[in-house]
Structures are given as C-alpha cells and as structure tokens.
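In what follows, a single structure is set out as structure tokens and then discussed.
Read-outs throughout are calculated quantities, based only on the coordinates presented, and are distinct from any laboratory measurement. Model, not experiment: these values are computed from the prediction. Positions of Cβ are backbone-derived with ideal geometry, glycine not excepted, and every protein chain shown enters the neighbour counts.
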Amino acid sequence: GNPSERDFLSEPRNLPHRVAYATVGVDLARPVSEINLLAKRLLPIFRDTLSARAAVTIEDCKSQIGSGALPLDLLASKGMVLKPLAEKGKFDAALQKLARDFRRLPIPVLGRINDGKLVFDLRCLENESQFLSQLSELPQ
C-alpha cells in the first residue's frame, strides 16, 4: 500500500527516493526548449487520462530555486495545468481531490495549487517513463 503523506513528514530521508515528479532538486541546466518538447509529448497523455476530471493545458511558469538563507531565483519553465471539471460549489473539493490523487500514486506526484488550478512544473520531472507508467492508477 501507499505510505501516508504523514510518513514523508516523519521520514523525510525517504522522500527523494519516492517522489518521481517534484523532487528535491531541479534541473537548472535543462533548456526551456527541451521542457517544451516534454510538455507537448505529455499533453495528449494527460488529456486522455484526465478527460472526465480536468481540462489540461500547458502554460509558461517559473521554477523557484533557493530558499531560506539562499537567494531566490526564478527559471523559465513550462507547467502542465489541470483545471477540474466540476459543478459550481464542488470545484474546490474536486481540485483538492485531484491533488491528493496524484500524491497518493505509488511514487507521489507533487504539484502546486494556484488560481484554482493544479500546476506541475515540468522542469522538475526527472523520470518521464516512471511517471507515465503509474498514470493509469489515477482514479477516473
């Protein structure tokens, strides 16, 4: 079974080994042109997998690097953006469930919620084939 989200908080040393998508490191040297090609490859797969749950688009985004005492910088990137298909009054719950379902995959996938959308920064995707192999496990 899947470890709970709390397991990652109590055992953070396990996190880098279990998160395929938004890992601790960001590929700083990855060109935006390569990220754009990745986005174009993944878009039809995301749309097909989530057709009943979310509208999926690609948008420009920024990857944040540095934190705490380190200076912050932003790198250009592409985001896979999921906007839940839900009735009025059920949108927030659908958005939270979508984020939770990605976190509960065998290798958790972490995104950020921004302006009513779930955004996955594709600069952070390190293992495309591993990520794609588990998409079929998302609830429909």
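So the values come out like this:
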| quantity | calculated |
| --- | --- |
| Spatially proximal lysines relative to Lys90 (Cα-Cα < 23 Å; intrachain offsets below 8 disregarded) | Lys117 |
| Amide hydrogen neighbours beyond the local backbone of Val109, cut-off 5 Å, H modeled | Arg103, Arg104 |
| Per-residue HN-Hα couplings for the stretch 72-79 [Karplus 6.51, -1.76, 1.60; θ = phi - 60°; Hz; x = Gly/Pro] | 8, 9, 10, 10, 4, 7, 10, x |
| Rough spin-label spacing in nm, given labels placed 7 Å along Cα→Cβ, for Leu138 and Asn36 | 2.4 nm |
| Residue-wise HN-Hα coupling along the stretch 32-37, computed from phi with Karplus coefficients 6.51, -1.76, 1.60 (Hz; x: Gly, Pro) | 4, 4, 5, 5, 5, 5 |
| Stretch gain in nm, segment Leu74-Glu126, where the contour uses 0.36 nm per residue and the Cα spacing is subtracted | 16.9 nm |
| Nearest-0.05 FRET efficiency for Ile107 and Ala29, computed from C-beta distance (R0 25 Å) | 0.60 |
| Using θ = phi - 60° and Karplus 6.51 cos²θ - 1.76 cosθ + 1.60, couplings along the stretch 90-103 (whole Hz; Gly, Pro as x) | 10, 5, 4, 5, 5, 5, 5, 5, 4, 4, 5, 4, 5, 5 |
